[in-house]
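Read through the structure below, which is laid out as structure tokens, and then see the notes.
The values are calculated or read from the model by the stated rules, or taken from the named source; none is laboratory data. Just so it is clear, the model here is predicted, and its values are computed rather than measured. Here the Cβ positions follow ideal geometry from the backbone for every residue, glycine too, while neighbour counts run over all protein chains shown. For the accessible areas, the whole protein counts, side chains as well, though only heavy atoms, and no ligand, DNA or RNA atoms are used. Shrake-Rupley method; radii C 1.70, N 1.55, O 1.52, S 1.80 Å.
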Amino acid sequence: MSENEKLFNGGVLTEARKGAIEPPKDLWERKKNGLVIIECPQRIPCNPCHTSCPTGAVKAFKDINDQPEIDYEKCTGCARCVAICPGLACFVVDLTWGGNDVALMKLPYEMLPLPEEGDTVDCLNRLGEAVAKGKIVKIAELMNDRTKVVQVEVPRSLVMNIRTIRVVK
Amino acid sequence: MRQTEVLVIGGGPAGLSAALEAASLGCDVTLVDSDLALGGQLIKQTHKFFGSKEERAGTRGFKISEMLLEELHGYKDKIKVHTNCTATGYYKEDGVISCVIGEEKYFRIQAKKIVMATGAQERLLPFPKNHLPGVYGAGAVQTLMNVYGVAPGEKVIMVGAGNIGLIVSYQLMQAGVEIAGIVEAMDKIGGYWVHAAKIRRMGVPIYLRHTIKEAIGDQIVKGAVIQEINDKFQPTGTEIKIDADIICMAVGLTPTCEILWQAGCKMIYVPQLCGHVAQRDMNMRTSHPDIWVAGDAAGIEEASAAMVEGRIAGVGVAKSLGHGNASEQAKRLEDYKGRIADLRGGEVGQKICQGLKVCTVNQWEV
Ligand SMILES: Cc1cc2nc3c(=O)[nH]c(=O)nc-3n(C[C@H](O)[C@H](O)[C@H](O)COP(=O)(O)OP(=O)(O)OC[C@H]3O[C@@H](n4cnc5c(N)ncnc54)[C@H](O)[C@@H]3O)c2cc1C
Ligand code: SF4
Ligand code: SF4
């Protein structure tokens, strides 16, 4: 078994797959508020990303077990799917944010302690390795169900690596 | 001797749904549960559930339980509830069930129809020193943490990367407990990939193809030795020593079905459903004409499926008692059967369907 396959079998995404793809570059670079990235490559009986999406950007599932498919034109970066997804598999990345070196990520967060706006935090990759420092821009609770959506400014080159944050004390 | 039309044993998602459905069609129901509170496994689940909107996907497990209890409140005239009350035996001669409230108050109850929704029991793993304090089942860890608000320890080795192992690991981390690692015998996690991804990104290692060789410690757990295994599950690789004060076992559940055995229901061993289960028809009736099953007691699955199975059993029972009109019953059954088929369309569901083929008959019904 290849190293990539081993990692994938243990819950680490190593390359694009059905249900886990990168948004189209052109649109992504100009879309204010960002576009969704979903990493949900396994067929599981679940669809709140679709039912919670106000614009229909997450397309209707033919079968509830399908992997999510996205119509990026329709995505407004609102992050409702980020807040509701039980798999914490939805993220929004806004490449129009700030200067040329940074981007804004909207990440689901359910740990304590919560960071505060303005805090510097560790940005972790899919293996939990700290790959950069990020700055917390905003923390919101979109669905009133305790899952926070943390907006964090990160190095633009790492948006396809960073998947969560760790509060540093 | 007490009498009831329908006795539901077990007040988890399956039993609650069965009771609600039967009552909504006009049955008088008695519901007993050994626990102090209704809700079964749901009250321990602080994470959001999968499923579709109908099964309340995206909602946390304990919230789903609250919703069911609210619905139950609307039927207080039709459903009599006894908590802290365990059904202990079935008497074949007259179909009487004996129950004990707390530890000494017994009563006997005769029901026209019974729904068995007793859920599941945890499996444990034999390994040297697994008797040490600090070795827990995942259910106990969850109860301590999420029902009583007590952290079981500081650093945990989780054994098993099925959904329970993955989810309990995540919940432990939310409670501020460190996960030293997750040990899994297969070469792939058994639970949902997204649940694993959540904990991997927080730096928790998952040791695939590894097993726990022994616990370390004299009086209490100080850690464990884990080791890689080969295709024949024999330990071969290098040993790794991990420090921890808790070893948590999440190596699977098996249906709780003692009363079904007592009642003489035809039982079949179905590995895909994780143990012996009762043979049943499409409406969840067993080979015994007065006994239905639903939920994990009928095969280990999920709360979403347990709720729908409970609903199906509820309609089945009402139908057999002549409650509700035929077209309403048929409409509901069609709806529920469609929903459950949808839920079982995925990778995990396929395995369940294989198992169900072995233990489901096409006729019987009423
Ligand atoms: C950690 C964990 C995470 C899970 N996550 C999910 C998830 O995300 N999504 C999902 O859909 N499912 C999930 N599940 C599975 C789900 O909780 C179960 O499938 C579901 O609770 C089964 O429902 P049930 O009603 O059959 O059994 P239970 O919920 O186990 O309820 C059985 C009830 O019967 C009672 N009982 C047993 N024997 C007797 C007796 N003799 N007399 C009286 N009462 C009795 C018990 O006290 C219990 O209350 C999870 C389970 C666990 C452990
Ligand atoms: S970010 Fe908003 S618009 Fe885009 S997919 Fe998610 S819910 Fe839909
Ligand atoms: S809600 Fe999340 S876990 Fe469920 S299908 Fe959508 S992306 Fe996957």
> Where a Cα-Cα gap under 16 Å defines reach, which lysines qualify for B:Lys76, not counting those fewer than 8 residues away within the same chain?
Replying inline: none
>> Counting other C-beta atoms within 10 Å, and keeping those with at most 13, which DSSP coil trypsin sites (Lys or Arg not before Pro) do you find in the stretch A:1-94?
In response: A:Lys18, A:Lys32, A:Lys62
> Each residue of the stretch B:148-158 in turn: what ³J(HN,Hα) in whole Hz from Karplus with 6.51, -1.76, 1.60 and θ = phi - 60°, glycine and Pro shown as x?
Replying inline: 9, x, 10, 6, x, x, 10, 9, 10, 9, 9
> So what's the net charge close to B:Glu66: Lys and Arg +1, Asp and Glu -1, counting the other residues with Cβ under 11 Å from its Cβ?
Replying inline: +1
>> Using only the alpha-carbon atoms, how far is helix B:326-343 inclined from the longest principal axis of chain B? Give it as 0 to 90 degrees, nearest 10.
In response: 10 degrees
> If each of B:Lys105 and A:Glu116 carries a label point 7 Å out from its Cα toward its Cβ, how far apart are those two points in nm?
Replying inline: 5.2 nm
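With the cut-off at 27 Å, tell me which of the pairs B:Lys48/B:Lys337; A:Lys6/B:Lys351; B:Lys48/B:Lys78 have Cα atoms farther apart than that.
In this structure, B:Lys48/B:Lys78 lie more than 27 Å apart at Cα.
Evaluate the relative contact order of the stretch A:66-114 (contact order divided by residue number), counting alpha-carbon pairs under 8 angstrom at least 6 apart; express in whole percent.
Result for the stretch A:66-114 is 27 percent.
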>> Once R0 is set to 35 Å, what does the formula 1/(1 + (r/R0)^6) return for the Cβ-Cβ distance between B:Gln234 and B:His276, expressed as a FRET efficiency to the nearest 0.05?
In response: 0.80
>> If you average the alpha carbon positions of the stretch B:185-248 and of the stretch B:304-337, how far apart do those two centres end up, in angstrom?
In response: 43 Å
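Could you please report the charge total around A:Glu73, scoring K, R as +1 and D, E as -1 over all other residues with beta-carbon less than 15 angstrom from its beta-carbon?
+2
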> What average number of partner chain Cβ atoms lie no more than 10 Å from the Cβ of the residues making up A:59-65?
Replying inline: 4
> In terms of solvent-accessible area of protein heavy atoms at a 1.4 angstrom probe, what is the ranking of B:Glu302, A:Glu73, A:Glu129, B:Glu93, highest value first?
Replying inline: B:Glu93, A:Glu73, A:Glu129, B:Glu302
>> Quick check: from the Cα gyration tensor, does the stretch B:124-249 come out rounded (a/c under 1.5), prolate or oblate?
In response: oblate
> Can you give the relative contact order of chain B as a percent, counting alpha carbon pairs under 8 Å and 6+ residues apart?
Replying inline: 19 percent
> In peptide B:175-181, what is the residue-averaged number of other protein chain Cβ atoms found within 10 Å of each Cβ?
Replying inline: 1
> Which value, in Å² rounded to 10, gives the accessible area of A:Glu29 with a 1.4 Å probe and all protein chains present?
Replying inline: 90 Å²
>> Along the Cα→Cβ direction, 7 angstrom out, place labels at B:Lys76 and A:Lys138. What is the inter-label distance in nm?
In response: 4.4 nm
> Straight-line reach from A:Lys74: which aspartates and glutamates have Cα under 17 Å away, leaving out those fewer than 8 places along the same chain?
Replying inline: A:Glu22, A:Asp26, A:Glu29, A:Asp94
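Can you list the trypsin sites (Lys or Arg not before Pro) in the stretch B:33-80 that are in a DSSP coil and have 15 or fewer other beta carbons within 10 angstrom? Don't skip to the answer; put the middle values down first.
On the way: sites: B:Lys44, B:Lys48, B:Lys53, B:Arg56, B:Arg60, B:Lys63, B:Lys76, B:Lys78, B:Lys80; in loops: B:Arg56, B:Lys76, B:Lys78.
For trypsin sites (Lys or Arg not before Pro) across the stretch B:33-80 that sit outside H, G, I, E and B with at most 15 neighbouring Cβ atoms in 10 Å, the list reads B:Lys76.
Would you compute, from DSSP H runs of 4+ residues alone, the mean residue ellipticity of chain B at 222 nm, taking -39500 (n - 2.57) per run and dividing by the full residue count, rounded to the nearest 500?
Only helices count here, giving -8500 deg cm²/dmol.
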> Among the lysines, which fall within straight-line cross-link reach of A:Lys138, defined as a Cα-Cα distance under 16 Å, with same-chain neighbours fewer than 8 residues apart omitted?
Replying inline: A:Lys106, A:Lys148
> What number of lysine-lysine pairs in the stretch B:124-249 show an alpha-carbon separation below 19 angstrom, given a sequence spacing of 8 or more or placement on distinct chains?
Replying inline: 14
>> Could you tell me how far the Cα centroid of the stretch B:93-165 sits from the Cα centroid of the stretch A:112-169, in Å?
In response: 37 Å
> Tilt of helix B:13-24 relative to the longest C-alpha principal axis of chain B, in degrees (0 to 90, nearest 10)?
Replying inline: 20 degrees
> What are the principal axis extents of the Cα atoms in chain B, in Å, biggest first?
Replying inline: 64, 45, 36
> Using the eigenvalues of the Cα gyration tensor, what equivalent ellipsoid semi-axes result for chain A when each is taken as the square root of five times the eigenvalue, whole Å, largest first?
Replying inline: 23, 19, 17
>> If you build the convex hull over the alpha carbons only and average its shadow over all orientations, what do you get for the protein assembly as shown? Give it in nm² to one decimal.
In response: 26.0 nm²
> Averaged over peptide B:184-196, how many Cβ atoms belonging to another chain are found within 10 Å of each residue's Cβ?
Replying inline: 6
> To the nearest 10 degrees, how steep is helix B:303-320 against the longest Cα principal axis of chain B, on a 0 to 90 scale?
Replying inline: 20 degrees
>> Around B:Ala185, under 14 Å between beta carbons, what's the net of Lys plus Arg minus Asp minus Glu among the other residues?
In response: +1
